[in-house]
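Inspection log for the structure reproduced underneath, given as structure tokens.
The values are calculated or read from the model by the stated rules, or taken from the named source; none is laboratory data. The shown structure was predicted, so the numbers you read here are calculated from the model rather than taken from an experiment. Here the Cβ positions follow ideal geometry from the backbone for every residue, glycine too, while neighbour counts run over all protein chains shown. For accessibility, only protein heavy atoms count, side chains too; no ligands or nucleic acids. Shrake-Rupley method; radii C 1.70, N 1.55, O 1.52, S 1.80 Å.
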Amino acid sequence: MVWGILEDKHMAHVPGTVLLADSSDVPAEYRSIPRELLKRGHGRNAHIILAPQPSDSPNDPLNWPTWRKDAILAIVGLSAAVVGAYGPMLSPGFVEISAELNITVNTLSQATAWVILLIGLSLFIFNPIAKKIGRRPVYAISSIIMLTGSVWGAVSQNYGSFLASRIYSGVGMAPYEVLVQCTIADMYYVHERATRIAIWNMFLLCGISGGALIAGYIIENQGWKWTFIWCGILFGILLPLVIFFVPETAYRRQSWEDRLARARMNDSSGELPEKKDVAVEHSEKPSVAPEAGMEVEKKDSFLRSLRFYSGVYTETPLWKIFLRPVVILWYPAVLWAFLVYGVTLTWIVVFSVVNGVIFTEPPYNFSISQTGLISLSPFILSFVGEVVSGPMNDWVCLYLAKKNRGVYEPEFRLPPIIISFLIGVAGFFGFGATVHYQTHWSGPVLCFGLANMSLAFSNASVFGYVIDAHKELSEEAFVAINARNLLTFGLTYFVNDWLAEDGVLAVFNVLGTVFVVVNLLTIPLWIFGKRIRGFIARNKTLGRFMHED
């Protein structure tokens, strides 16, 4: 037992536990493979044995040039940023928009709730489709829905049409909640992913926080329908980029066992051919598989890369893919992540729903554009949180692993939750208190930013822990965690009525208390997390159901 983490009594090696002091530079999954057959990086990464190991096909996304991968990430990242802005962009003008549509502010906030519900439900539909037939058709369908939904919202003449356009768009928003992470895993090696995930987080940051910031000026100067028009213009630009420059990134590679078997079959002596370490240089011209002595598939032409159906990528039935996120949600690590991430993000969404009411009324009397400017606080503080939290989380993990004689436990990702907890307490309780006691506007605006900063810090621990504890099931785990949209729907549907009845102090005291309780669940996870990982690994029935057929 180290620092209160209970050891598993039945397994010598629990999945997720890593010996960082191991002198071997070979990833654990390739220890049984002859070292001379493993491919390495190039340039300054020439010492790294690549994980995952790429095939010899030029159509393998791992073998694509880095500029091409980064261009794809930029296109889907920009699309995701606009999707992120699409949800909360109307919040600065809630009072004016509800008056024009002849509805109450709470009814308008319920429209946002329905969008969130459709996102949550659609995730469970698009994830099996993307896993079965690939990412490209899902990206294209999503972008088409967002373009047409934006046009629909811009021409809507009444609340019924407006609500229908928002619900329709919610379906299109769903894939960008999880697919970008999957695309990063498809194209990049493990040692390249951290930077790209950070870039992806920056896209989301600019979209969610920056959307309301810009929308305030658009609503005040051009009218609220222009928020949809501008989104339509952006999706009109991005849709052709998705269609022509985002090929399929899902790819079926032969297992190493199959590669070695074929290598022996094609070698007359029955022995593996000698081969020096292969350095992968993102070449587009490989034609022979070194380990098998056979020609590999030809590089796809540009026109062929535009096809929307390129085969089936898993033999697992759709019903099983659909159920896996439901099953993994009840893994304690994933359930904890769902609660911590879901509660924090849901409470932050509440800000976007109520800010348009709180700050446009006395004593603040903000204009629509000034209400939009409130989002500058979470934009700046979230940016600082993202920049600081990742390196700090990695440093804590390495420090604790060093103190633990080189043994790394996924639970070492959890201590920085303390910082997130303290910042979040100040943000949620502070917002309610400063608004209730009518302090200077800088008080609640700062607390709004602190609440967002808390999420930025907790994300590094939440997603880092889930990935390290259940690496092979991270895709299913992300879908399960993002089911938090169902939680967000429940609260945003009635929060303005609750606010009007009980007042902002009572509402945010309740939200703050729930935030505290959920974060305290980190303590039992720290203590029992390793035993739980061991128990799940030993459950053969669960293992057969959750892993690929």
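Give me the angle, in degrees from 0 to 90, between the Cα long axis of helix 318-328 and the longest principal axis of the Cα atoms of the chain, rounded to the nearest 10.
It is inclined by approximately 70 degrees.
Hey, which of these cross-link pairs are over 24 Å Cα-Cα: Lys132/Lys471; Lys69/Lys402; Lys39/Lys299?
Table pairs above 24 Å Cα-Cα are Lys69/Lys402.
May I have the pair-distance distribution P(r) for the chain, computed from all Cα-Cα distances with 10 Å bins from 0 and rounded to whole percent?
With 10 Å bins starting at 0, P(r) equals 3, 17, 26, 26, 17, 8, 3, 1, 0.
If I take every Cα pair under 8 Å that is 6 or more residues apart in the chain, average their sequence separation and divide by the length, what percent do I get for the relative contact order? List each step's numbers first, then the result.
Details: 851 pairs, mean separation 140.3, N = 549.
The normalised contact order for the chain reaches 26 percent.
Sort 506-518, 364-376, 138-150 by packing, meaning the average of other beta carbons within 10 Å per residue, with the highest value first.
Values: 506-518: 18.4, 364-376: 20.2, 138-150: 21.8.
Packing proxy ranking, top to bottom: 138-150, 364-376, 506-518.
Once phi is turned into ³J(HN,Hα) by the Karplus curve 6.51 cos²θ - 1.76 cosθ + 1.60 with θ = phi - 60°, what whole-Hz value does each residue of the range 141-151 show in order, with x for glycine and proline?
4, 4, 5, 5, 4, 5, 5, 5, x, 5, 5
Write down the radius of gyration of the range 107-198 and its Dmax, each obtained from C-alpha positions, in Å.
15.4, 51
Quick one: compute the contact order of the range 89-214, relative version, from alpha carbon pairs under 8 angstrom and 6+ residues apart, as a percent. Provide the component values of the computation, followed by the final result.
Working: 95 pairs, mean separation 38.1, N = 126.
Once normalised by length, the contact order is 30 percent.
What nm value, rounded to one decimal, do you get for the distance between Gln254 and Leu505 when each label is placed 7 Å out toward the C-beta?
About 7.2 nm separates the two model spin labels.
Roughly what % of Cα-Cα distances in the range 470-541 sit above 13 Å, to the whole percent? Each step should come with its number before you reach the end.
Details: 2006 of 2556 pairs.
Percent of Cα pairs beyond 13 Å in the range 470-541: 78.
Against the empirical 2.2 N^0.38 Å scaling, what ratio does the C-alpha Rg of the range 404-549 come to?
On the way: Rg = 18.8 Å, N = 146, 2.2 N^0.38 = 14.6 Å.
Against the compact-globule rule of thumb, the ratio is 1.29.
Would you work out the Kirkwood radius for the range 83-129? I mean one over the mean of 1/r across all pairs of different Cα atoms, in Å.
Its Kirkwood hydrodynamic radius stands at 11.9 Å.
Rolling a 1.4 Å sphere over the protein heavy atoms, what is the accessible area per residue of the chain, to the nearest Å²?
43
What FRET efficiency do you get for Lys298 and Ile237 if R0 is 30 Å and r is their Cβ-Cβ distance, rounded to the nearest 0.05? Before the final figure, lay out each step's value.
Numbers: r = 33 Å, r/R0 = 1.09.
Computed FRET efficiency for Lys298 and Ile237 comes out at 0.40.
Sorted by packing (mean other beta-carbon atoms within 10 Å per residue), highest first, where do 85-96, 114-125, 310-321 land?
Values: 85-96: 25.4, 114-125: 20.3, 310-321: 14.1.
Going by the mean number of other Cβ atoms within 10 Å, highest first, we get 85-96, 114-125, 310-321.
Could you rank Tyr188, Tyr399 by how accessible they are, 1.4 Å probe, largest area first?
Values: Tyr188 0, Tyr399 105 Å².
From most exposed to least exposed: Tyr399, Tyr188.
When only the heavy atoms of the protein chains count and the probe is 1.4 Å, how do Lys225, Lys403, Lys9 rank by accessible area, highest first?
Working: Lys225 50, Lys403 125, Lys9 160 Å².
So the residues, ranked largest to smallest area, are Lys9, Lys403, Lys225.
So between Leu323 and Val517, what do we pick up on full extension, going 0.36 nm a residue minus the alpha carbon distance?
Working: separation 194, 0.36 × 194 = 69.84 nm, distance 2.88 nm.
Result for the pair: 67.0 nm of gain on full extension.
Jot down the radius of gyration and Dmax of the range 23-160, Cα atoms only, both in angstrom.
23.1, 72
For the range 448-503, max minus min Cα coordinate along each principal axis, in Å, sorted largest first?
Ordered largest first, the range 448-503 gives principal extents of 46, 24, 11 Å.
On the principal axes of its Cα set, how long, how wide and how thick is the range 357-403? Give whole Å, largest value first.
55, 15, 11
Would you grab the residues whose amide H sits under 5 Å from the one on Leu19? Only those 5+ places off in sequence or on another chain, please, with H modelled 1.01 Å from N.
Residues meeting the amide H criterion: Tyr408.
Full-extension gain between Val312 and Thr195, please, as 0.36 nm times their residue separation minus the C-alpha to C-alpha distance. Could the numbers behind the result be given before it?
Details: separation 117, 0.36 × 117 = 42.12 nm, distance 2.99 nm.
Gain in length upon complete extension: 39.1 nm.
Each label point is 7 Å from the Cα along the Cα-to-Cβ direction; what then is the distance between the points at Leu398 and His13, in nm?
Each label point lies 7 Å from its Cα, and together they span 2.4 nm.
What translational D, rounded to a whole number of µm²/s, comes out for the range 381-446 from Stokes-Einstein when the hydrodynamic radius is the Kirkwood one over Cα pairs, at 4 °C and 1.567 mPa s? Don't jump to the answer; show the numbers that get you there.
Numbers: Rh = 14.0 Å.
The estimated diffusion coefficient comes to 93 µm²/s.
Does anyone have the angle between helix 332-358 and the longest principal axis of the chain? Alpha-carbon axes, 0 to 90°, nearest 10?
Helix 332-358 sits at roughly 30 degrees to that axis.
Accessible area, 1.4 Å probe, largest first: how do Asp394, Asp186 sort? Don't skip to the answer; put the middle values down first.
Working: Asp394 75, Asp186 25 Å².
Result of the area sort, largest leading: Asp394, Asp186.
Express in whole angstrom the spacing between the alpha-carbon centres of the range 53-83 and the range 322-388.
29
How large a share of the accessible area of the chain, in percent, is made up of carbon and sulfur atoms when the probe is 1.4 Å and the other protein chains stay in place? Can you show the working numbers first?
Values: 15620 of 23750 Å².
Carbon-and-sulfur percentage of accessible area, whole number: 66.
Rounded to whole Å and sorted largest first, what semi-axes of the equivalent ellipsoid does the C-alpha gyration tensor of the range 316-450 yield via the square root of 5 times each eigenvalue? Can you show the working numbers first?
Details: eigenvalues 254, 98, 31 Å².
Semi-axis lengths for the range 316-450 are 36, 22, 12 Å.
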